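Single-structure report; data block below.
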Amino acid sequence: SSRPFKLRVSTWEPRRRIVLQGGMPLGLFTGTRHYVLEEDAGRTTVTMRETYTGPLAGLVGRSIPDLQPAFDAFVVGLRDAAQSPHRT
């Protein structure tokens, strides 16, 4: 795998929220990614947020590339899959 850290699901609330975490041993660095879905008047808003904690967060955080393009592509793919007439 090319992923520098293994991710684990730390929170799973179907149709509402999922939280993934990964990082270094001893809490030196932890990355946490939150996906939250909020429904309102027949529309669903997806919010993604990533936070870094631990003593090495500043150093490791600076070495992580800009993930915004990947996040944008993820949301477009999610929207397209949700709107597809062939979804399961």
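The values are calculated or read from the model by the stated rules, or taken from the named source; none is laboratory data. Only a predicted model underlies this, so the values are computations on that prediction, with no experimental measurement involved. For neighbour counting, all protein chains shown are included, and Cβ atoms are generated from backbone atoms with ideal geometry for every residue, glycine included. For the accessible areas, the whole protein counts, side chains as well, though only heavy atoms, and no ligand, DNA or RNA atoms are used. Shrake-Rupley method; radii C 1.70, N 1.55, O 1.52, S 1.80 Å.
Among the residues of this structure, E38 does not count as one that is farther than 18 Å from R79 by Cβ and among the acidic types (D, E). Scanning the stretch 17-41 for residues that are of a type outside the set (F, W, Y) and not in a strand (DSSP E or B) yields a count of 6. Could you say whether any residue in the stretch 73-85 is part of a loop (DSSP other than H, G, I, E, B) and hydroxyl-bearing (S, T, Y)? Yes, there is a match, as at least one residue in the stretch 73-85 is part of a loop (DSSP other than H, G, I, E, B) and hydroxyl-bearing (S, T, Y).
Of all residues in the stretch 24-43, one or more are in contact with a helix residue (DSSP H, G or I) (Cβ under 7 Å, 6 or more places away or on another chain) and open to solvent by less than 90 Å² (accessible area, probe 1.4 Å).
If the condition is being closer than 24 Å to L26 by Cα and part of a strand (DSSP E or B), then the stretch 42-72 contributes R49, E50, T51, Y52, T53. Figure legend. Inter-residue proximity from the stretch 12-23: first residues without any contact (Cβ under 8 Å) to a residue 60 or more places away in the chain and farther than 25 Å from A57 by Cα, second residues surrounded by fewer than 16 Cβ atoms within 10 Å (Cβ to Cβ) and not small (G, A, S), beta-carbon distance below 8 Å, spacing 6+ or different chains. Indicated pairs: R15/L37; R16/V36; R16/L37.
Before we move on, is R8 of a type outside the set (A, V, I, L, M), surrounded by fewer than 11 Cβ atoms within 10 Å (Cβ to Cβ) and under 14 Å from the mean Cα position of the chain (by Cα)? Spell out how you get there, then give the answer.
Values: of a type outside the set (A, V, I, L, M): yes; surrounded by fewer than 11 Cβ atoms within 10 Å (Cβ to Cβ): yes; under 14 Å from the mean Cα position of the chain (by Cα): yes.
So R8 fits the description; yes.
Could you check, for the stretch 45-60, whether at least one of its residues is more than 23 Å from V76 (Cα to Cα), open to solvent by 50 Å² or more (accessible area, probe 1.4 Å) and of a type in the set (S, T, N, Q)?
First, pick out the residues of the stretch 45-60 that are more than 23 Å from V76 (Cα to Cα): 52-60.
Filter once more, keeping what is open to solvent by 50 Å² or more (accessible area, probe 1.4 Å): 52-53, 55-56, 59.
Then keep just the ones that are of a type in the set (S, T, N, Q); that gives 53.
The answer is yes; a qualifying residue exists.
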